[in-house]
Amino acid sequence: MQVKLALPKGRLLHSTNILLQRSGLELSGYSEHSRSYRPQCSNFPDLFLKIFHERDVPIQVAVGNYDLGICGRDWVEELLIKYPSSALVKVRDLGYGKSDLYIAISKSAKVASMEELKARVGTIRIATEYPNLAESFALNLRLRRFRIFPLWGAAEVYPPESADLALVSQAPDSLFDEELLPLTSILRSSAFLVTHRHSWESKDMSALLQRLYAVGNVEEAISEGLESQGGGMKEPSSSSQNSDVWLALPDGHQQEPALEFLSKAGIRVWDSSRSRCPSINLEGVSVKVIRPQDMPLQVANGNFDLAITGEDWLYDHLYRFPSSPVKEILDLGFGRVRVVAVVSNELPVGSLQDLRGLLQRGELSSLRIASEYVNIADKYARDNRLSPYRLIPTWGASEAFLPEDADLLIENVQTGQTLAQHNLKIIDTFFESSACLIGNAYVPGDSSKQKLVDYIVRILQRAAGGN
């Protein structure tokens with residue numbers, strides 16, 4: 001009888017690997033440097049392992065694709081608070097990967113207690129990766145008016161200009177951001193073993209569970225001095241809260257080429273590698289480093305005037321909000337990728353028409369489409385009559401979903417080599433994307449802000465002309 005276990009990548013990977021090794025499982029392919037999403041266990045041949053982004057683990061277990069999963073309690077509660085009747089069941093606190101979820105506020109807001117927060121007049125804006133937990137907090141506190149800003153990450157950078165509060169994850173004993181004040185802790189998290197209710201009731205998983213339960217304190221086995229990966233925040237440089245223009249720069253793999261482009265334009269940004277609020281050599285301009293995925297919505301909300309993101313994320317936003325005020329101002333010419341439709345080599349199709357034929361003949365009862373680009377994927381399926389279909393939102397490591405947990409992947413690629421390494425093939429190209437400068441179409445044309453925006457655009461336009 002096969003048992004399927006979903007494992008986390010990222011901050012919990014190292015400690016989870018130690019747990020599994022100490023439980024006597026002889027694993028290969030589960031490390032920070034592994035390029036496979038399917039580790040192998042030589043002494044448990046009926047154990048199927050798959051690596052996911054931690055946020056995807058409880059979802060995959062809840063829908064029954066996996067019998068067991070390991071992830072942080074924060075992501076378990078984020079799912080259960082919205083779907084309390086879910087089939088996801090918490091089995092055991094594994095005791096490592098500790099973190100706390102805090103409601104934090106800017107020190108400049110001069111609010112030091114929850115009672116002072118409740119007394120505030122007007123809408124309270126909460127930025128977070130945990131929108132369900134944030135909404136529950138606001139309702140339980142009986143805030144009069146509030147808005148939740150769902151993010152892909154970096155919530156700590158939004159107060160005070162773009163949000164009033166941030167719900168953030170903080171590792172124990174780590175220093176809190178010097179610009180933020182923790183108001184209250186709403187959840188203590190650590191790694192949890194979770195299961196699907198039907199699997200728990202119908203499958204004999206005792207041999208595996210006994211091994212996991214027999215392991216002592218995993219944290220004691222982690223080398224002293226290993227830097228925690230549990231959500232600590234960087235110390236930011238100070239930035240003017242009275243800036244005329246706010247510019248959002250990307251984190252992750254797009255940060256370096258974005259900084260190189262700005263440097264080519266004569267714009268210098270300091271401390272961007274260690275600060276979410278770096279300095280810039282443009283008077284009247286302040287910078288924050290955020291996730292590219294969040295930029296279009298944040299520009300639409302007026303939290304940023306300009307942002308450097310990918311056309312892919314702009315299109316994903318506009319497909320959901322066609323009347324959004326966000327517009328592309330300038331194609332910057334770097335970070336070129338293709339957004340493509342991908343299937344496993346095990347699926348007997350070579351084109352979009354072949355895939356549609358499988359659906360029409362009933363050889364696929366329903367097409368499972370996995371993607372970080374939920375709105376792009378939905379439009380692609382509708383435009384190409386890939387019905388019936390079901391969307392599976394992912395938070396990264398999307399290649400892992402094929403072929404067991406999805407039939408089609410909408411993904412971005414540069415060369416396609418990574419897809420080939422995972423036994424995947426491209427059957428269609430949706431569009432090409434590159435980095436672009438975006439802004440809000442509703443800024444008054446004669447304002448001082450617009451004049452500074454126009455100046456920045458002219459500088460970047462000259463640099464883009466040399467690409």
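The values are calculated or read from the model by the stated rules, or taken from the named source; none is laboratory data. This structure is a prediction, so every number in the text was calculated from the model and none was measured. In this analysis, Cβ positions are derived from the backbone assuming ideal geometry, glycine residues included, and neighbour counts consider all displayed protein chains.
One residue alone among Tyr380, Tyr442 is aromatic (Phe, Trp, Tyr), loosely packed, with under 14 Cβ neighbours inside 10 Å and touching a residue at least 40 places away in the same chain (Cβ under 8 Å), and that residue is Tyr442. Here Ala127 fits the description: within 18 Å of Arg55 (Cβ to Cβ) and outside any loop (DSSP other than H, G, I, E, B). For beta carbons closer than 7 Å, sequence separation of 6+ or different chains, a first residue in region 77-91 that is closer than 14 Å to Thr195 by Cα and a second that is charged (D, E, K, R) and not in a loop (DSSP other than H, G, I, E, B), the qualifying pairs are Ala87/Arg197; Val89/Arg197. For region 130-162, the set of residues classified as without any contact (Cβ under 8 Å) to a residue 40 or more places away in the chain and assigned to a loop (DSSP other than H, G, I, E, B) consists of Arg142, Leu143, Arg144, Arg145, listed by residue number. The set of residues in region 1-38 that are surrounded by 19 or more Cβ atoms within 10 Å (Cβ to Cβ) and assigned to a loop (DSSP other than H, G, I, E, B) comprises Lys9, Leu25, Tyr30, Tyr37.
Among the residues of this structure, Val168 does not count as one that is in contact with a helix residue (DSSP H, G or I) (Cβ under 6 Å, 6 or more places away or on another chain), under 30 Å from Leu249 (Cα atoms) and not in a strand (DSSP E or B). Only one entry of Ser365, Ser398 meets the criterion of being loosely packed, with under 14 Cβ neighbours inside 10 Å and under 26 Å from Ile59 (Cα atoms), and that entry is Ser365.
Counting the residues of region 387-409 that are more than 17 Å from Asp428 (Cβ to Cβ) and among the hydroxyl-bearing types (Ser, Thr, Tyr) gives 1. Here Val61 does not qualify as touching a residue at least 24 places away in the same chain (Cβ under 8 Å), in contact with a strand residue (DSSP E or B) (Cβ under 7 Å, 6 or more places away or on another chain), surrounded by fewer than 22 Cβ atoms within 10 Å (Cβ to Cβ) and more than 27 Å from Gly252 (Cα to Cα). Within region 69-84, is there a residue that is aromatic (Phe, Trp, Tyr), surrounded by 16 or more Cβ atoms within 10 Å (Cβ to Cβ) and touching a Lys or Arg at 6+ places or on another chain (Cβ under 6 Å)? The answer is yes, given that some residue of region 69-84 is aromatic (Phe, Trp, Tyr), surrounded by 16 or more Cβ atoms within 10 Å (Cβ to Cβ) and touching a Lys or Arg at 6+ places or on another chain (Cβ under 6 Å).
Taking Val326 as the residue in question, decide whether it is out of contact with any Phe, Trp or Tyr (no Cβ under 9 Å at 6 or more places or on another chain), among the hydrophobic types (A, V, I, L, M, F, W, C), assigned by TED's automatic domain parsing to the domain that holds Arg368 and in contact (Cβ under 8 Å) with a residue 12 or more places away in the chain. Break it down stepwise before answering.
Working: out of contact with any Phe, Trp or Tyr (no Cβ under 9 Å at 6 or more places or on another chain): yes; among the hydrophobic types (A, V, I, L, M, F, W, C): yes; assigned by TED's automatic domain parsing to the domain that holds Arg368: no; in contact (Cβ under 8 Å) with a residue 12 or more places away in the chain: yes.
Here the answer is no, as Val326 does not meet what is asked.
Listed by position, the helices (runs of 4 or more DSSP H) inside region 39-121 whose residues that are not assigned by TED's automatic domain parsing to the domain that holds Ser202 number at least 1 are 114-118. Restricting attention to region 344-395, the residues being farther than 30 Å from Pro150 by Cα and not in a helix (DSSP H, G or I) number 14. Restricting Ser275, Ser237, Ser228, Ser243 to those that are small (Gly, Ala, Ser), surrounded by fewer than 20 Cβ atoms within 10 Å (Cβ to Cβ), under 26 Å from Ser189 (Cβ atoms) and modelled with pLDDT under 90 reduces the list to Ser228.
Residues in region 361-373 that are closer than 22 Å to Val337 by Cα and touching a Leu at 6+ places or on another chain (Cβ under 6 Å): Ile369, Ala370.
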